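Bear in mind these aren't lab numbers, they're just calculated from the coordinates by the rules spelled out. Treat the numbers as computed from the prediction; the structure is a model and nothing was measured. Every residue, glycine among them, receives a Cβ derived from its backbone with ideal geometry; neighbour counts consider all protein chains shown.
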Amino acid sequence: MMSTAENIKHYELIIFDFDGTLAEYKTGTIPDLVQAWFDKFNTEKPDVKLAIATNQGGVGLRHWMVMQGFGNPEQYPTEADVMNHIGSVMKKLGITHKICPVYTAFRYQSKKSGQWGVPADHNDPRWSIKWRKPNEGMLLQAIADAGTSADKTLMVGDWPHWAVSDEDERAAAYAGCDYLNAEQFFSYCALGE
Ligand SMILES: [Mg+2]
């Protein structure tokens with residue numbers, strides 16, 4: 001594999017997946033290498049923009065269950081639960097929403113049947129199908145908001161030992177940006193050194 005460290009300098013935007021990448025799914029535990037990277041980022045303040053793009057289909061499943069009266073919606077998070085959780089991890093990483101905008105996809109899709117849940121708001125992109133990874137909507141929005149282009153953007157997805165799907169890698173391919181998994185990215189510590 002080519003040294004990723006040399007290549008990091010070429011990126012203007014790094015988009016991180018959240019669950020399974022910045023923090024362990026459910027427990028929210030932050031891997032030491034992730035914390036170390038953000039500590040270094042905050043100290044050195046390199047000229048690269050950050051974003052988080054995360055599928056949070058549990059919110060959509062809860063909404064669907066409530067609207068159609070099935071299942072056990074209390075088992076799934078509300079939008080506020082999700083944003084609080086992400087906010088608490090970001091606080092530990094020392095980053096704000098201004099430094100690192102958060103893009104969330106709430107729409108639920110059944111992995112088994114492929115069926116889509118109902119959106120809470122048809123006009124809110126967070127509930128759109130095109131925002132749910134592996135679709136590229138969130139990534140394209142992050143790229144546009146950062147004022148950069150796909151070829152100067154890197155998507156960082158799940159640690160291989162936590163990975164449950166290839167949705168991040170596929171989303172990166174659809175958006176036209178490069179992809180590294182968390183092990184490749186954080187182990188090389190990046191920031192161009
Ligand atoms: Mg993930």
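Observations on the model:
- Sites Lys112 and Ser88, calculated FRET efficiency, Cβ-Cβ separation with R0 35 Å, nearest 0.05: 0.65
- Bridge orientation summary for the chain: considering DSSP beta bridges with both residues in this region, about 5 percent are antiparallel.
- Annotated for the chain: lysine pairs at least 8 residues apart or interchain, Cα distance under 12 Å, count 4.
- Shown in residue order for the stretch 143-157 are the 3J(HN,Hα) couplings computed by the Karplus curve 6.51 cos²θ - 1.76 cosθ + 1.60 at θ = phi - 60°: 5, 5, 5, 7, x, 10, 10, 4, 6, 10, 10, 10, 9, 10, x Hz (x for Gly and Pro).
- For Tyr25, distant residues with modelled amide H under 5 Å away: Gly20
- Against the chain, whose longest principal axis is taken from its Cα atoms, helix 79-93 shows a tilt of about 20°.
- Note on Thr27 and Lys45: the extension gain reaches 3.6 nm, defined as 0.36 nm multiplied by sequence separation minus the Cα-Cα distance.
- Loop-located trypsin sites (Lys or Arg not before Pro) in the stretch 104-193 whose Cβ has at most 13 other Cβ within 10 Å (DSSP): Lys111, Lys112
- Amide H contacts for Gln109 (H built 1.01 Å from N in the peptide plane; partners 5 or more residues away or on another chain; cut-off under 5 Å): Gly117.
- Over the stretch 38-193, the ratio between the Cα radius of gyration and 2.2 N^0.38 Å evaluates to 1.09.
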